[in-house]
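The values are calculated or read from the model by the stated rules, or taken from the named source; none is laboratory data. Small disclaimer: the values here were computed from a predicted structure and weren't measured. When we count neighbours, we look across all protein chains shown, and the Cβ atoms used for this are built from the backbone with ideal geometry, even at glycine. Accessible surface areas use protein heavy atoms only, side chains included; no ligands, DNA or RNA. Shrake-Rupley method; radii C 1.70, N 1.55, O 1.52, S 1.80 Å.
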Amino acid sequence: VNSISFAIHQGECYGLVGPNGAGKTSTMKMISCMSPVTEGTLWIQGYDVKRDQRAIKTMLGVVSQADSLDSGLSIIQNLLAHGRYFNIPRKDAHRRALEALELFQLVDKVHLSPDDLSGGMRRRLLIGRALLNEPSILILDEPTTGLDPQARHMVWDKLLHLKSQGITILL
């Protein structure tokens, strides 16, 4: 990511494109405070990634390429556990979890294990989980890879809906 420079405005959808090994995922990891910035500066809504990681993480929803759902927990338990990372009160976390499941048409799967879901449903669940802390910025690393056309279309529709609500999306 040598000499990279860009700005994303609130409510925009911004895509990083390039060949494998170009540094797209590395850049996203730095933005989401998962990898250190070794040179230069990186600012997220006025916060310096080198100094203000805690503040930045509260405003981000991150969906990595890897599926990090816990198969030992039900879907609702996965969401509630994620809410604890952000100190969201249990009642609020439960309400937000149900809202996310409704948005991604997974309410009827609430008590299932993530292992009982198709790949497309798992991906939608991961995006829904990333929304629990009500982020202003949603970072998605290849959100539709491996999805069938119908699931891919649904994910893109939901992302457009989130953008229309003012959420900044980095793909």
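Here each label is just a point 7 Å from Cα along the line to Cβ, and for S3 and D115 those points are 5.1 nm apart.
Taking all protein chains together and rolling a 1.4 Å probe, V110 ends up with roughly 20 Å² accessible. For the chain, carbon and sulfur atoms together expose 50% of the accessible surface, with a 1.4 angstrom probe and every protein chain in place.
At q = 0.11, 0.18 Å⁻¹ the log10 of I(q)/I(0) for the range 105-171 amounts to -0.25, -0.69, computed by Debye summation with a single uniform scatterer per C-alpha, solvent ignored. Computed about its Cα centre, the charge dipole of the range 81-155 is approximately 240 debye, with only Lys, Arg, Asp and Glu carrying charge at their Cβ. Placing unit charges on the Cβ atoms only, positive for Lys and Arg and negative for Asp and Glu, gives the chain a dipole magnitude near 340 debye about its Cα centre.
Building the convex hull from the alpha-carbon atoms of the chain and averaging its projection over directions returns 10.0 nm². Per residue, the accessible area of the range 38-83 comes to 57 Å², computed with a 1.4 Å probe over protein heavy atoms only. The slack in the chain from M34 to N20, taken as 0.36 nm per residue of separation less the alpha-carbon distance, amounts to 3.1 nm.
Based on C-alpha pairs under 8 angstrom that are at least 6 apart in sequence, the chain has a relative contact order of 31 percent.
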